[in-house]
2 protein chains.
Amino acid sequence: MEKVDTLLVGGVVLPMNEAMDRFDNGAVAVRGDSIVAVGPAETLRQRYEADEVVDCTGQIVLPGLVNAHTHMPMSLLRAMADDLRLDVWLLGYMMPTEREFVTPEFCRLGTLLSCAEMIRGGTTLFADMYYYEADVAAATAEAGMRGVCGQTVMKFPAPDAESYEESLAYTRRFIEEWKGHPLIVPSVAPHAPYTCTDEILQACADLAIEYDVPLQIHILETRQEAEDSWAEFEKKVVERVADLGVFRAKTLAAHCVHVDADQIRILREHNVAVAHNPTSNLKLASGIAPIKEMLERGVKLSVGTDGAASNNDLDMFEEMRLAALLVKGATYDPVVLPAKEALLMATRWGAEALSLGDIAGSLEPGKRADLIVVDRSPLHNAPHFERNPDSIYSQLVYATHASDVQHVMVNGRWLMRDRVLLTLDEDALRAAATDYARRIDAFLEAREGNVLNKLVAIGGLHQEESFEIQVKARAGDTSPLEALTAHPAVEIVKHNHYRQYDTYFLFDDEEMGRVRYREDDFIDENGQPVNVRTRLTYTTPTKEREFDEAVLLSRSRFIAPADRPLRFYREYFQARSECEIHKDRLRWHILYKGVLFYVNYDRMMQPEMGERYIEIKARTWSKTDAEFKAALANEILSDVLAIPAEDRVKTEYVDLCGSAD
Amino acid sequence: MEKVDTLLVGGVVLPMNEAMDRFDNGAVAVRGDSIVAVGPAETLRQRYEADEVVDCTGQIVLPGLVNAHTHMPMSLLRAMADDLRLDVWLLGYMMPTEREFVTPEFCRLGTLLSCAEMIRGGTTLFADMYYYEADVAAATAEAGMRGVCGQTVMKFPAPDAESYEESLAYTRRFIEEWKGHPLIVPSVAPHAPYTCTDEILQACADLAIEYDVPLQIHILETRQEAEDSWAEFEKKVVERVADLGVFRAKTLAAHCVHVDADQIRILREHNVAVAHNPTSNLKLASGIAPIKEMLERGVKLSVGTDGAASNNDLDMFEEMRLAALLVKGATYDPVVLPAKEALLMATRWGAEALSLGDIAGSLEPGKRADLIVVDRSPLHNAPHFERNPDSIYSQLVYATHASDVQHVMVNGRWLMRDRVLLTLDEDALRAAATDYARRIDAFLEAREGNVLNKLVAIGGLHQEESFEIQVKARAGDTSPLEALTAHPAVEIVKHNHYRQYDTYFLFDDEEMGRVRYREDDFIDENGQPVNVRTRLTYTTPTKEREFDEAVLLSRSRFIAPADRPLRFYREYFQARSECEIHKDRLRWHILYKGVLFYVNYDRMMQPEMGERYIEIKARTWSKTDAEFKAALANEILSDVLAIPAEDRVKTEYVDLCGSAD
């Protein structure tokens, strides 16, 4: 008799292996962290002596479920804001709350809360994508679950990083720290093609390849993304990402709702795995992913809940059921994705999608012991037909509830027995989560009528580059055109002439930022206005620092078209005060040493009638790039335009009416 | 202090009334079968003294959920056959099993099993549509649930009736027996427009109006139904049903997946309620109902699980969640059907759809005490945000599980306390259901390779009228044309000339029925074959009786196009023996006294070379109509064609080769 730690006997064992075996009075033998044997109970009982024998009569033993795409800490934001337009939900609620609350402690608690829910629902492995991923990983390991933990990188400032360079550096440290952990696989997660520059996508792929870790990315969650990609890059999203070499990494692409046949072919060719998120895609009204086409073309498929803020739970039984149902109704094909395949998506195929097919996803000797035991007796799953061997998959997919899961083991360790969690304190988690909800409620209540919220409600808002470089100086009557033209390192690429009528809305609480309503009158060669554009710019309070005498601003800037009259916005925003700045602006887009800058030559019309200024400006998502451009901007002012240092000013135009109220 | 029986205190009370009140530390007072008061706990505690005070702290008290469309006994067929083509599922599995097993006992047990599952999941009221509805009603009353019990009427023979006349008579008795019961509302359920003749639909509506009971009907579940209706009636389905006056009754229309704008308008104008069945519509690949349009047009909406054979559970939390999700994703509109409205569909709107809005669907003084108490503490629903009063609806719809329901009361009586059923014995139900499943498995196993199954697998099968009237006689050399033309009561509407080559496949077990492969060669005026049609006809064993010397056959007849060679079918069906009958047929479609008959004048080519026969035939779904036509057919033979009684024969052609093997 060979010694093992645990022998599960008497249940229906569904190993979900290639052969799709089924042992009706089956057994699984576990030693240490691994599965030693799977087969008929009689055989295993004769071969193995176990410290613990678990009677699974009336139950099903199968691999733990794999949640292929989620954002663990977001369980703390569950039901915080639902049934809203996507931009209102994201810009008005999720992002401000995340900016305010997402800390290592938040990520730790949210991850533990999600682990508790997942274990209770039979999930043993997940792929996460969030911030402070080292804390997500630590909490996951503490809970005893297996996780692929993806550190988010994107061009916007994130709760855990001022710039993407910081995120990339963090990711590298995170990978080095966690690689080789028995439960955790660190991963790089460039957030999405539309939130990443080409450089970010390439840097993430390089990092994933250097350390041989999985890369996770959101792809084509919305129609908007498809349209924007074509407009901006003249490429389909998947083409662009493929062309950048991202798919050289072991890639898991979440959502893929709006991939067309061409893009499905590319995903298949590069062996990219897709995480299908039917609940979230429906709830956020993103659409219905072409799962039938992906199945037919042989794309590696898995299924995930997405975060609890857009689901609102982490129930993989519901998720695989919805996956199985939705594709049938959407394609009028009742035989596509039968229950057996839906369960494969949530087990073996899921583990393969996470690049963990060698150790998880099925019950096979040598794989880690990640398994669940499901009760067959509840009346919502009675009776049982045994004639057709596939009907047990039907029972699991179409009628089993998360609450039917009795025991859960990960890496050979029991995490739940008889529905009692063994590694987590539910009451403590609930209390801590309640405390967060209370604080978030207070924060959001204080924001009612908040400026950004009001802007979001108007629609059409988009976020601009977060770093602005700016040097500014008093100027004389001579236009800088001659100096620009004369300099060998300058190439003028565009020229405009405007009159700009700006109205700034200022608020009592400076933390609320400010809104600028700008009317740009385009002036033709004869000095006549020929066109007008109005738009709103919202800026959050500025983090400002000097760099080599240039000013480097970092702040969130949001721009929206202003299609209503100024009077409307005046009443709508109810600002404490306003500031009017009118000026005549000559603007050149120039390349200086090949880098794009804007040069403004402004003649004030109000309030400082007749004053003239020169500005050199640039924008970027990259902190490193910002510092590089700041140095160049200084060169332009001193070397190209020969403006003496004492003429520099560091105020913005809005400061000119600082004494207006 | 006023005396009441039960006072529920301390929970969040959501009455789901018009005002959408919310009492955070609320209470509900119950006396007898009714709600006496709903309000703040403090107020009710001061006013009422209760025999039983139930502490609902940390819980939500709300109206019991309303399952607006289901087939209760079908829980006994759960997971019997899934992921199949609709015709295979229906004709190959559901209908044969129902024909074999559906008895009063089956309906009783299946109803009790469904009641147990529904109570455990917080459903207190349902609308059922099945057979032996008196037994469904009795079992429902025994379980203590409230039900609108709809007796099915259709043109096909049903498990509980040989003809629709029997069903109508049964329905009348059923209504008279159960009308006024405190828990049961009897109802008439013409199955669907495509399974009912105009007469059936009208008779059902008349019955519903006569007794003022609700009428239930399936409408436009599939695209096929829309196409067929146009082809057959040159009317859209809802137009046809409206024109027949069906909507004069209080109508609840299930599915309505393929209603267009015109039909939605008609439903609204007639105040027809719609039961939305998202899971079933997806699982059977019927499609996605236009819920957004129906909401916008003000159609009364409710939600139901459909039967457990196509769901596979009766979980109204899942169903309302899917309703809320699906419409968003399908219309790219994230704000349509917010959680609050989804919950209304499953409570107050549901009760209104069942014409029970006066007594159920919300917690209001005077209404029946049908309520549920739901635990808010499970981690899959933590934390709770309280800032937005609507987030509690989000919690209930997007994250609550059926297993969170703690207590259920119907009509003032507790049916479940702390998740223990008080009126039903779960173990006994499970055991009895298991026994049925075992017997059904054996039945279906024995049918493997069954003739009907094989036909279903070929595709294109449809069922013909179940009553055939037939009189037949030996005839002389003279064609009946002259006699037909001469008679004043006969109008000839069509004439054909065929040569018919029939091959009958006969099986050992006569219960398996028989299959005829027929080649019809159409002959032109010059005696030349100009066209050929091949088709299969499957007939089940015939119930035959004489009526006024005509033969009245009642049996199931299925017809399918035969697009493969005879040799294929010969190998495919593996019949015990075959019988070949060839004949030359002159056929007239005549109106005799305004009623359609077929007159065949057949000259045998094989086996009884040269013999001649005359047949008078008619078909109908109605037993009464069959008897009426049988009498007329006799008249035609004797009065019009003057054929003496002694020339009559009662055999069918296939019997001519009775000695073939």
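The values are calculated or read from the model by the stated rules, or taken from the named source; none is laboratory data. Treat the numbers as computed from the prediction; the structure is a model and nothing was measured. Cβ: placed from backbone, ideal geometry, glycine included. Neighbour counts: every protein chain shown. Side chains are part of the model used for accessible areas, which takes the heavy atoms of the whole protein and leaves out ligands, DNA and RNA. Shrake-Rupley method; radii C 1.70, N 1.55, O 1.52, S 1.80 Å.
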Test set (1) surrounded by fewer than 24 Cβ atoms within 10 Å (Cβ to Cβ); (2) free of Cβ contacts under 8 Å to residues at least 60 places away in the same chain; (3) assigned to a helix (DSSP H, G or I) - B:Thr111 fails condition number: (1)
Condition met for B:Leu379 (at the interface with chain A (Cβ under 7 Å from one of its Cβ atoms), modelled with pLDDT of 95 or more, more than 24 Å from B:Pro40 (Cα to Cα) and in contact with a Leu (Cβ under 6 Å, 6 or more places away or on another chain)): no
Count of segment A:141-158 residues which are in contact with a helix residue (DSSP H, G or I) (Cβ under 6 Å, 6 or more places away or on another chain) and under 21 Å from A:Val420 (Cβ atoms): 2
Residue in segment B:575-584 that is within 35 Å of the chain's Cα centre (by Cα), open to solvent by 10 Å² or more (accessible area, probe 1.4 Å) and over 30 Å from B:Asp477 (Cα atoms) present: yes
Some residue of segment B:563-584 being free of Cβ contacts under 8 Å to residues at least 60 places away in the same chain, within 27 Å of B:Phe547 (Cβ to Cβ) and in a strand (DSSP E or B): no
Filter pass, A:Glu117 being surrounded by 24 or more Cβ atoms within 10 Å (Cβ to Cβ) and either in a helix (DSSP H, G or I) or within 12 Å of another protein chain (Cβ to nearest Cβ) (or both): yes
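Every residue, every condition in (1) assigned to a helix (DSSP H, G or I); (2) surrounded by 22 or more Cβ atoms within 10 Å (Cβ to Cβ), yes or no:
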residue	(1), (2)
A:Cys204	yes, yes
A:Ser229	yes, no
A:Asn271	no, no
A:Ser286	no, yes
A:Met294	yes, no
Residues satisfying the stated conditions in segment A:1-44, i.e. assigned to a loop (DSSP other than H, G, I, E, B) and acidic (Asp, Glu): A:Glu18, A:Asp21, A:Asp24, A:Asp33
Flag if B:Ala242 is open to solvent by less than 30 Å² (accessible area, probe 1.4 Å), under 26 Å from B:Leu125 (Cα atoms) and in the same structural domain as B:Cys149 (by TED's automatic domain parsing): no
Verdict on A:Leu84 being open to solvent by 20 Å² or more (accessible area, probe 1.4 Å), part of a loop (DSSP other than H, G, I, E, B) and within 14 Å of chain B (Cβ to nearest Cβ): yes
Only listed residue being hydrophobic (A, V, I, L, M, F, W, C) and part of a loop (DSSP other than H, G, I, E, B), chosen from B:Ala633, B:Ala642: B:Ala642
Pair list, Cβ < 8 Å and 6+ apart or interchain, from segment A:416-438 residues that are on the phi < 0 side of the Ramachandran plot to residues that are modelled with pLDDT of 95 or more and among the acidic types (Asp, Glu): A:Thr423/A:Glu142
Residue among A:Phe558, A:Phe597 that alone is in a strand (DSSP E or B), within 21 Å of A:Val493 (Cβ to Cβ) and of a type in the set (Phe, Trp, Tyr): A:Phe597
Qualifying residue in segment A:197-212 (condition: out of contact with any His (no Cβ under 8 Å at 6 or more places or on another chain), at pLDDT 95 or above, over 20 Å from A:Gly147 (Cα atoms) and among the polar types (S, T, N, Q)): yes
Test result for B:Tyr592, closer than 21 Å to B:Arg516 by Cβ and either in contact (Cβ under 8 Å) with a residue 24 or more places away in the chain or of a type in the set (Val, Ile, Thr) (or both): no
Check on A:Arg557, in contact (Cβ under 8 Å) with a residue 40 or more places away in the chain, within 30 Å of A:Tyr164 (Cα to Cα), crowded, with 18+ Cβ neighbours inside 10 Å and charged (D, E, K, R): yes
Boolean, A:Leu62 is modelled with pLDDT of 95 or more, on the phi < 0 side of the Ramachandran plot and in contact with a Gly (Cβ under 9 Å, 6 or more places away or on another chain): yes
Count of residues meeting criterion [within 14 Å of chain B (Cβ to nearest Cβ) and surrounded by fewer than 16 Cβ atoms within 10 Å (Cβ to Cβ)] in segment A:446-468: 5
Residue list for segment A:296-351, restricted to those being under 24 Å from A:Leu62 (Cβ atoms), part of a helix (DSSP H, G or I) and away from chain B (no Cβ under 11 Å): A:Met316, A:Glu319, A:Met320, A:Leu343, A:Leu344, A:Met345, A:Arg348, A:Trp349, A:Gly350, A:Ala351
Selection from segment A:246-293 of residues that are more than 14 Å from chain B (Cβ to nearest Cβ), under 17 Å from the mean Cα position of the chain (by Cα) and farther than 15 Å from A:Leu354 by Cα: A:Val246, A:Cys256
Residues being touching a residue at least 40 places away in the same chain (Cβ under 8 Å) and either more than 26 Å from A:Thr542 (Cβ to Cβ) or in a helix (DSSP H, G or I) (or both) - total across segment A:446-479: 11
Those residues of segment B:207-233 which are acidic (Asp, Glu), touching a helix residue (DSSP H, G or I) at 6+ places or on another chain (Cβ under 9 Å) and free of Cβ contacts under 8 Å to residues at least 24 places away in the same chain, in sequence order: B:Glu210, B:Glu232
Selection from segment B:348-358 of residues that are open to solvent by 30 Å² or more (accessible area, probe 1.4 Å) and of a type outside the set (Asp, Glu): B:Trp349, B:Ser355
